[in-house]
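**Q** Can you keep this structure in mind? I'll have questions shortly.
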Amino acid sequence: MALLTAARGPRVRRIAPEPRLGRTIALAAAGVYFLVPLLCALAFTVGLGDPRQKPGLDAYTAIFTADGLARSLGLTLLLAGATIILVFGLLLPALLAVRLAAPRAKALVAVVCMLPLVVPAVALGAGITTVLRWATDWLYDTPGFPLLAALQQPAFPIILVLPYTLMALPLAYTTLEAGLNAIQVKVLVEAARSCRASWFRTLFLVILPNLREALLNTAFLTIAMVLGEYAVSALLGFQPFAVWTVAISGSHAQLSVAVSMVGLIGTWLILLAVAKLGRSNASKETP
């Protein structure tokens, strides 16, 4: 038997070949899909390929003196902050109530939060415009008219926060639901309540710290959505960052694309910062 074993030699374990070719093709296709438009936009902003123009960074230096950029960007960040507060104020209590008191309503909440995905932004903006026109006719010469006018102040149009919140709901729901699935909400709440902690302390000192990464991701996605939203803002006649970028594209095309490139890079840097912050917090909490 030993001779037979020696004659066969050592058994060689077959290793399945890795799908390197398919993976390389997929990564190359993804790289071409994402990088080629960005490189073309970058070449356009610095004047490459245009014999009538000397290559340079004039479009990027003009950003600091662009008329209206600071105002539109400040308005957009203000709207993004208000949208984040409203999203958290609506969604967090609803998701916690579903987990603690009404688990059967989970499917209904999911459907409601995902519903804005099937409503085009143009239809949403057109609907709000119709409602505002109708409300102006009916509330004229009534105490409700000043409130309606206050909602549409160009300095801070609160009316935009409502559609922004609706459009952010699917992303926020998905992110917060993933964060809640990663912790034992009911166990944490019962433990805190058994220590005689109030509901306020339970929420802000027990639940929210465990949802730190999900909250940061939700806030980042909301900011990114508000920065890029155009249709509703344009239909309602306001000029946040995205509308301003399109408005100047006719007379300052290179500046418009340069601002978009800077905005895109800034968004990616914020995303990397959020991801790094989440990993550092997780590594600190891991013994």
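The values are calculated or read from the model by the stated rules, or taken from the named source; none is laboratory data. Keep in mind it's a predicted model, so treat the numbers as computed, not measured. For neighbour counting, all protein chains shown are included, and Cβ atoms are generated from backbone atoms with ideal geometry for every residue, glycine included. Each accessible area value is taken on the protein alone, full model and side chains, heavy atoms only, with ligands, DNA and RNA left out. Shrake-Rupley method; radii C 1.70, N 1.55, O 1.52, S 1.80 Å.
**Q** Please list, ordered by chain and number, the residues whose modelled amide H lies under 5 Å from the amide H of Phe238; skip anything fewer than 5 residues away on the same chain.
**A** Residues meeting the amide H criterion: none.
**Q** D for region 206-254, whole µm²/s, Stokes-Einstein with Kirkwood Rh over alpha-carbon pairs at 4 °C and 1.567 mPa s: what number?
**A** For the chosen part, D equals 101 µm²/s.
**Q** What percentage of the solvent-accessible surface of the chain, computed with a 1.4 Å probe over protein heavy atoms, is contributed by carbon and sulfur atoms?
**A** Accessible surface attributable to carbon and sulfur in the chain totals 71 percent.
**Q** Taking only complete DSSP H runs, can you tell me which helices of the chain stretch 20 Å or more along their own long axis by Cα positions and average at least 1.6 on the Kyte-Doolittle scale?
**A** 20-46, 69-100
**Q** Now for a separate question. Under a crude label model (7 Å from the Cα following the beta-carbon direction), how far is Asp67 from Ile265 in nanometres?
**A** 2.7 nm
**Q** A follow-up question, please. Enumerate the whole-percent occupancy of each 10 Å bin, from 0 to the last occupied one, for all C-alpha pair distances of region 121-192.
**A** P(r) for region 121-192, in whole percents per bin: 16, 31, 21, 16, 15, 2.
**Q** Give the dimensionless ratio obtained when the Cα radius of gyration of region 129-287 is divided by 2.2 N^0.38 Å.
**A** Scaled against compact globular proteins, the figure is 1.40.
**Q** Just how large is the dipole of the chain about the Cα centre, in debye to the nearest 20, putting +1 at every Lys and Arg Cβ and -1 at every Asp and Glu Cβ? Before the final figure, lay out each step's value.
**A** Numbers: 21 positive and 11 negative charges, 342 e Å.
So the magnitude is around 1640 debye.
**Q** Set Lys and Arg Cβ to +1 and Asp and Glu Cβ to -1, take the dipole of the chain about its Cα centre, and tell me which of Leu236, Gln53, Leu215 lies farthest positive.
**A** Leu215
**Q** So what's the gap between the Cα centers of region 91-127 and region 173-201, to the nearest angstrom?
**A** Centre-to-centre distance over Cα atoms comes out at 20 Å.
**Q** Under the 0.36 nm per residue contour assumption, what length would be gained going from the current alpha-carbon distance of Val112 and Leu57 to full extension?
**A** Here the answer is 15.1 nm.
**Q** Which residue, Ile265, Ile183, Ile25, tops the fluctuation ranking in a GNM of the chain built on C-alpha contacts under 10 Å?
**A** In the Gaussian network model the winner is Ile25.
**Q** Quickly estimate the mean residue ellipticity at 222 nm for the chain, helices only: each DSSP H run with n ≥ 4 gives -39500 (n - 2.57), and the total goes over all residues, rounded to 500.
**A** -23500 deg cm²/dmol
**Q** Percentage of Cα-Cα pair distances in the chain greater than 26 Å, rounded to whole percent?
**A** Tail of the P(r) past 26 Å holds 62 percent of the pairs.
**Q** Okay, moving on. For Ala105 and Ala253, what does the FRET efficiency come to when R0 = 45 Å and r is the distance between their Cβ atoms, rounded to the nearest 0.05?
**A** 0.35
**Q** Might you tell me the accessible area per residue for the chain, computed with a 1.4 Å probe and given in Å²?
**A** Heavy-atom accessible area per residue stands at 65 Å².
**Q** Oh, and also: Rg and Dmax of region 159-241, using alpha carbons, in Å: what are they?
**A** Computed over the Cα atoms of region 159-241, radius of gyration and Dmax are 16.9, 53 Å.
**Q** Using a 1.4 angstrom probe on the protein heavy atoms only, line up Trp199, Trp138, Trp244 by accessible area, largest first.
**A** The residues order as Trp138, Trp199, Trp244, largest area first.
**Q** Using alpha carbons only, what's the Rg to Rh ratio of region 30-133 with Rh from Kirkwood?
**A** Taking Rg over the Kirkwood Rh, I get 1.18.
**Q** Positive end of the dipole of the chain, charges at C-beta (+1 Lys, Arg; -1 Asp, Glu), about the Cα centre: which of Leu115, Ala66, Leu162 has its Cα farthest in that direction?
**A** Projecting each Cα onto the dipole axis, the largest value belongs to Leu115.
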